[in-house]
Amino acid sequence: VTRLDVANLTRGGRDAVELDASAVKKTKPWEYAVRFLFGGLVSAAVGLVSHRWGPAVAGLFAAFPAVLPATVTLVRLHDGRESAAEDSRGASFGAVGLVVFALVVHARAEQWPAWLVLAWAAVTWLAVALALWALALRLHHHPPAPRHPAPRS
Amino acid sequence: MWSELVVRFIAGGLVVMAFSAVAEVLRPKSLAGLFGAAPSVALVTLSLGFLHHGPTFVAKEASTMALGAVAMLAYAMASLWLVRTERVPAWLGTLGSLAAWFLTAFGLKGAS
């Protein structure tokens, strides 16, 4: 029974991970423009903050939610409240990963070459975020109801 | 300084757009949500920090970035709660979540 259930899950249950390449085209050009603008403006603003108030304050804003306001609003517009809530929940796992990202950079910045520090930190971000996401999925997943054998006629 | 700002603007825009394109194609949506808190602005900021100011500067930035990231967690949780609350319009949800970020970030920085 367990093997069957695993097979069912991997074959495309509700929570199976999927790539939907057509979604890129579904997103309108202006929505990408909005994200570009948000990301660009926040990054430039962090530069100004860094000039004016130094690295400690700039560091805070390096973790400013640049895209989240736009994506949550757009998801809510496209797919409704429940999807926007799921989007926010996912972002909270990403945020925990971001804490680890920052700690890795802090610990290694003065020891490793720059590219390796940033690459390694990015990998740990993804690993932590994915692990939390998978864990939450497992905890929230109610075990499937026992299947009764079909009555024989 | 202006040229640096232009570089930041373009690099930040591109990285954010790249991360959201990845988020767009991923299903289910909660997995896509991870990328809403991707280190996009962080990668641009820290790369330029290494380039212009060196590793000691970046280590300092990263130590407060950890506090900013905790604030990002507060943002996401506030957003989750507000989006589910009936009668809260989208703009108010965003505003409330941003308030959560600022309060947490500067609260933690003040306390540390």
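Coordinate-derived values only; no laboratory data. Keep in mind the model is a prediction, meaning the values are calculated, not measured. Here the Cβ is made from the backbone with ideal geometry for all residues, glycine too, and neighbour counts use every protein chain on show.
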Hey, what's the per residue convex hull volume over the C-alpha atoms of the range B:1-64, in cubic angstrom?
81 Å³
Computed over chain B: longest principal axis from alpha-carbon atoms vs helix B:2-25 long axis, angle to nearest 10 degrees, is 40 degrees
Jot down the per residue volume, in cubic angstrom and as a whole number, of the convex hull over the alpha-carbon atoms of the range B:66-105.
41 Å³
Hey, fewest Cβ within 10 Å first, where do B:MET1, B:MET77, B:MET72, B:MET65 land in order?
B:MET1, B:MET77, B:MET72, B:MET65
Distance between Cα centroids, the range A:53-102 to the range B:85-110: provide it in whole Å.
12 Å
Classified through the alpha carbon gyration tensor (a ≥ b ≥ c as square roots of its eigenvalues; rounded if a/c is under 1.5, else prolate when a/b is larger than b/c, else oblate), chain B comes out oblate
Fewest-first sequence of A:TRP30, A:TRP120 by Cβ atoms within 10 Å of each Cβ
A:TRP30, A:TRP120
Within a 10 angstrom radius of the beta carbon, how do A:GLU82, B:GLU24, B:GLU4, B:GLU86 rank from fewest other beta carbons to most?
B:GLU86, A:GLU82, B:GLU4, B:GLU24
Enclosed volume per residue, in Å³, of the convex hull spanned by Cα atoms of the protein assembly as shown
154 Å³
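Which value at 222 nm does chain B reach when only helices count, each DSSP H run of 4 or more adding -39,500 (n - 2.57), with the total divided by all residues and rounded to the nearest 500 deg cm²/dmol?
-29000 deg cm²/dmol
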Kirkwood-Stokes translational diffusion coefficient of the range A:56-133, alpha-carbon pairs, 37 °C, 0.692 mPa s, µm²/s
239 µm²/s
Taking H as built 1.01 Å from N, whose amide H comes closer than 5 Å to the amide H of B:LEU26, not counting residues under 5 places away?
A:ASP20
Using +1 at the Cβ of each Lys and Arg and -1 at the Cβ of each Asp and Glu in chain B, identify which of B:PRO55, B:PRO89, B:VAL7 lies farthest towards the dipole's positive end.
B:PRO89
